[in-house]
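Every number in this text was worked out from the coordinates using simple rules, so none of it is lab data. Fair warning: this is a prediction, and the values are worked out from it, not measured in the lab. FYI the Cβ positions are ideal-geometry reconstructions off the backbone, even for glycines, and counts take in every protein chain you see.
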Amino acid sequence: MAEVYPVNQSDVLKFGDILSGLLSLSWRVPSIALTLKELLSFTNDTQMSMGSVLEHNAEVYENNPAILYEDVAYTHKEFNESINRYAHYFRSEGVKKGDEVIVLVDNRPELLMIIGAMSKLGAISSLINPNQRGEILLYSINLARGQYFIVGEELLDAFEEIEVGLKLAEGERLYYQPEKDERPVSKNYTYLPDLLKDQPVSNPPTTKEVTLGDRFAYVFTSGTTGLPKASIQTHRRWFGGQYWFGKIVMNLKPKDVHYCPLPFCHTNALNVSWGAVTARGTALAIRRKFSASNFLSDVRKFNANSFIYIGEICRYLMNQPEKPDDADNPLVSCVGNGLRPEIWRAFKARFGINKVFELYGAAEGTLIFTNILNVDCTVGTCLTPHALVKYDIDGDEPIKDERGFMQRVKKGEAGLMLAEITDSLPFAGYTDKKESEKKIFRDVFEKGDSWFNFGDLVLNQGFRHVQFVDRIGDTFRWKGENVSTSEAEKVLNTQVNVAESTVYGVKIPGTDGRAGMAAIIPNTSNGEFDLKDLAGILIKGLPHYAVPKFIRFKDKFETTGTHKIKKTRLREEAFDPVKVSGPLYVLLPGSEDYVPLTTALYDEIVDGTYRF
């Protein structure tokens, strides 16, 4: 029998939750309707783009700050002129519409200038994750490789490590973008500052040739379960960030400041933050890398009244020592994804945030959910066609009816999130067409239809609102029951000595399904960690089948560029003392305390001495 996902009915929304949100938004309904009408009137052939927006803002908001970074500020006029210098130079180098340009530069103003310049030429910035190294870096570069390589000083070592593997051909060109200009560079590189200073600051004529449907960037998926894929970003997607988040959701104003500590090689920063601030000339404050300890000082320094987050960032901030003045800051709202329900209200209260515009989508997806009504613990609603379909956790596939079609879930049920693919809502996909096809379901509700598979289990909260539940790959089955990693993590993360945790399923020989295992970053030394107390809390707070059977301690987690924990290696190491470095414990059958997992005990478990 197919097993569907059990959910907590307390997460289903009530009419009062929606009504209060609607009332608070009612005064903006006419302007929202007009903005939506304008956005929907644009076609992929419309001659508008990132470049045209930047040029418009340079005129309308000429002397307003556009980019704030450390102790540097650029007005909209200065920012656009800097972009134009890059555009004119690379145009003289032969960069033209449709060309792919490898951009390996970390978060700083020059990165945005390069992306902006390429957008004006109609070229595509292949935004390589600055955290990648070795074979993964080489693989990503080769996914969308053009003949132009722009390398930042801060990432020169990483690039040179794999340069031999690139086997650069004649005609492929290397450009060097210094930062502090503290290291020499080989003669193989073109030194950009010397060639940019004499370039014109006027807008290039090529901007008018770029349309909304054209590509402007490749963004690489995080690779949590495999090698990265290059998702295609069009000007229309960036434009959607401008209209939806900048004008409708956040209603940003010219005097506002939006803080973005996330990397621009991912869509939250690239499309949501940068797109949003261009709506009305809002200043964008950026940081090289997120820092929990410096977050509030940055917010106060830049006088930022909004910021973008990833759920893990909120967790990091909550783990910082609490101070009496945490709420004494200019923040009013935030936008992002992954804020967990168990800390949602506490996070708002601690930092004095009134509005949380949680969103749900994917870099390559065809829809966006947004908590526009500011209801707690929901990713909100979506205006475009989508469906939540019944999913068999045990069989790892959608549940179909007698005719072979998928079935929608009801209110209060969780299902697999799908988004319809149509001519008006196309799936841009990846540069690899085979990988794109893997994400598409066909003949879902009728013959001939196509739907994008997000790979996520999502709760139908009612009133067209949903709540993220789990990744399909993060849900496992044990003792005939479906275990949600997020539910187990929720209990673990509320414990005072747990700074952060992640839960995953591991295979025990001779058993069906996978047993739970937790990796924990403690707030205290391992020797002071009360494992018996933790076991009691987990046994009391979770169903018996969801209690992790194995515990390991770590100093830090391996994460993606957007701070998502990579679980692949954790699953592979499982509970093998030979593979696991650091303390390892097991909750044996019938026990109420975790005990050290020695090599001898591991052998007994593998041999079936203990009946889990």
Mind checking the dipole of region 58-237: about its Cα centre, +1 per Lys or Arg Cβ, -1 per Asp or Glu Cβ, Debye to the nearest 20? 800 debye
Taking neighbour counts of Cβ atoms within 10 Å as a proxy for exposure, in what order, fewest first, do LYS438, LYS549, LYS400 appear? LYS438, LYS400, LYS549
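From the square roots a ≥ b ≥ c of the eigenvalues of the alpha-carbon gyration tensor of region 479-607, which class results: rounded (a/c under 1.5), prolate (a/b over b/c), or oblate? Let's see the in-between values first.
On the way: a/c = 1.20, a/b = 1.15, b/c = 1.05.
Judged from the Cα gyration tensor, region 479-607 comes out rounded (a/c under 1.5).
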Order of 281-290, 501-510 by packing, highest average Cβ count within 10 Å first? 281-290, 501-510
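Which shape class applies to region 181-223: rounded if a/c is under 1.5, otherwise prolate when a/b exceeds b/c and oblate if not, where a ≥ b ≥ c are the square roots of the Cα gyration tensor eigenvalues?
Details: a/c = 3.50, a/b = 1.26, b/c = 2.79.
Cα axes put region 181-223 in the oblate bin.
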Footprinting proxy, HIS235, HIS386, HIS258: sorted fewest to most Cβ within 10 Å, the residues are HIS386, HIS235, HIS258
For region 508-539 and region 396-469, compute the distance between their C-alpha centroids and round to whole Å. 35 Å
Only helices counted: for the chain, with every DSSP H run of 4 or more residues adding -39500 (n - 2.57) and the sum spread over all residues, [θ] at 222 nm is -8000 deg cm²/dmol
Out of ALA419, LEU262, LEU156 - ranked by how far each Cα lies towards the positive end of the dipole of the chain, with unit charges on the beta-carbon of charged residues - the top one is ALA419
Among beta bridges assigned by DSSP with both residues in region 33-164, the antiparallel ones amount in percent, to the nearest 5, to 35 percent
Expressed in angstrom and rounded, the centroid-to-centroid distance over alpha carbons for region 305-367 and region 239-300 is 13 Å
From the square roots a ≥ b ≥ c of the eigenvalues of the alpha-carbon gyration tensor of region 152-238, which class results: rounded (a/c under 1.5), prolate (a/b over b/c), or oblate? oblate
Could you work out the relative contact order of region 213-315? I mean the mean sequence separation of Cα pairs under 8 Å and 6+ apart, divided by the number of residues, in percent. 27 percent
Starting from the Cα of LYS77, draw a straight line to each of the lysines and keep only those under 23 Å, dropping any in the same chain fewer than 8 residues away. LYS120, LYS197, LYS208, LYS247, LYS253, LYS255, LYS301
In the chain the DSSP beta bridges are antiparallel at a rate, in percent to nearest 5, of 55 percent
Using a Cα-Cα cut-off of under 26 Å, which lysines could be cross-linked to LYS14, ignoring same-chain neighbours fewer than 8 residues away? LYS348, LYS355, LYS390, LYS410, LYS411, LYS490
Taking the dipole of region 479-607 about the Cα centre (Lys, Arg +1; Asp, Glu -1; charges at Cβ), the one of THR559, ILE508, LEU492 that reaches farthest to the positive side is THR559
Tell me, CYS314, CYS382 in order of fewest to most beta-carbon neighbours within 10 Å? CYS382, CYS314
Using the crude model of +1 on Lys and Arg Cβ and -1 on Asp and Glu Cβ, and no other charge, please compute the dipole size for region 1-118 relative to its Cα centre, in debye to 20. 360 debye
Return the label of the correct value of Cα extents along the principal axes in Å, as calculated from the structure shown, out of (1) 76, 58, 57; (2) 68, 68, 60; (3) 190, 70, 44. (1)
At what distance in angstrom do the alpha carbon centres of region 125-177 and region 566-595 lie from each other? 38 Å
